[in-house]
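One structure below.
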Amino acid sequence: MTRPIRDEDTCALCGAVSEQTYLLANTTFGASDLDGRPPAEMGRVPLEWWMHRCPHCGYCATDITKAPAGAGEVVRSEAYRRQLADPLVPDLARSFLCAAMLAEVDGGLGSCAVVSALLCAAWVCDDAGDAPGAVRYRLRAASALEALRAAGGSYADDEPSADDSLLADLYRRAGLFEEAAAAARAGLQRAGSTFSRELLELQLRLAATRDTAAHTCDEAVADQGE
């Protein structure tokens, strides 16, 4: 069951009070997408509940009552204001992109927060039917994930090959099939479980057929049973 809660939050940057919606509880059913997006069987959690925006100063964050050092300077910058007002980008995606800008300043391009915000921006574009935008932000998320790994970090550190699997999906959904296959093959070299290997083998099959559609994790197991 999805349970939202509304609260009056005070913006950490400008001090204005606004109503924001949070996810109090959520019980999911079904398999997530290969890129980690929660399942849709019982209705997806609205992405706007994942990201908040101060309607007064434009500060975007998962929690606008907190702000990292230097956030105010970023929010006031021309680049941030231009991104926040870009009419060619879905409104909610702008919030995630602005949050990515703030996260990059706080932790560098190679940070989990940057990857997550860019991936969410791609999901928003998926929902809005903005295919070019979805490709653009998936590729930016892939670049951020590559930078994170180059710095010795991991986006999903519970499974050695999880980052490879995500990279494969980001590249495949963006139409870069050779890059997707390369990421999947690299992941197979360090996969720690049978299920992880099945996910990567599914990515290889999808890349081979030049499939750019969304697929779910349970398809990997289903394919093995055929």
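Just so it is clear, none of the values below were taken in a lab; they were calculated from the coordinates. This is a predicted model, so every value here is computed, not measured. We place every Cβ from the backbone using ideal geometry, glycine too, and count neighbours over all the protein chains shown.
What residue among P87, A180, L97 has its Cα farthest toward the positive end of the dipole of the chain, where the charges are +1 on Lys, Arg and -1 on Asp, Glu, each on the Cβ?
P87
What residue among A85, A121, A142 has the largest mean-square fluctuation in a Gaussian network model of the chain, using Cα springs under 10 Å?
A85
Give the shape of the range 85-158 as rounded, prolate or oblate, defined through the alpha-carbon gyration tensor: a ≥ b ≥ c are the square roots of its eigenvalues, a/c under 1.5 means rounded, and otherwise the shape is prolate if a/b is larger than b/c and oblate if not. Can you show the working numbers first?
Details: a/c = 2.50, a/b = 1.73, b/c = 1.45.
It is prolate, given that a/c is not under 1.5 and a/b is the larger ratio.
Only Cα pairs within less than 10 Å get springs; with that Gaussian network setup on the chain, which residue of Q203, Q83, Q189 has the largest fluctuation?
Its mean-square fluctuation being the largest, the pick is Q189.
How large is the charge dipole for the range 170-226, taken about the Cα centre, if only the Cβ atoms of Lys, Arg (+1) and Asp, Glu (-1) carry charge, to the nearest 20 debye?
Values: 7 positive and 9 negative charges, 52 e Å.
Roughly 240 debye for the range 170-226.
Is the range 36-117 rounded, prolate or oblate when judged by the Cα gyration tensor, a ≥ b ≥ c being the square roots of its eigenvalues, rounded requiring a/c under 1.5 and prolate requiring a/b larger than b/c? Can you show the working numbers first?
On the way: a/c = 1.82, a/b = 1.46, b/c = 1.24.
Prolate, because a/c is 1.5 or more and a/b exceeds b/c.
Based on Cβ point charges of +1 for Lys and Arg and -1 for Asp and Glu, what charge dipole magnitude is obtained for the range 102-224 about its Cα centre, in debye rounded to the nearest 20? Before the final figure, lay out the partial values.
Values: 11 positive and 20 negative charges, 74 e Å.
About 360 debye.
Please list 3J(HN,Hα) in residue order for the range 94-106, calculated via the Karplus relation 6.51 cos²θ - 1.76 cosθ + 1.60 where θ = phi - 60°; whole Hz, with x for glycine and proline.
4, 4, 5, 5, 5, 5, 5, 4, 5, 5, 5, 5, 6
If we sort 86-94, 122-130 on the protection proxy, mean other Cβ atoms within 10 Å, highest first, what's the order?
Those peptides, ordered most packed to least, come out 122-130, 86-94.
Which of the three applies to the range 156-226, rounded, prolate or oblate, going by the alpha-carbon gyration tensor with a ≥ b ≥ c and a/c under 1.5 meaning rounded? Please list the in-between numbers first.
On the way: a/c = 1.73, a/b = 1.13, b/c = 1.52.
Since a/c reaches 1.5 but b/c is at least a/b, the shape of the range 156-226 is classed as oblate.
Please give the charge dipole size of the chain, origin at the Cα centre, charges +1 on K and R Cβ atoms and -1 on D and E Cβ atoms. Round to the nearest 20 debye.
Values: 21 positive and 34 negative charges, 104 e Å.
Computed about the Cα centre, the dipole is about 500 debye.
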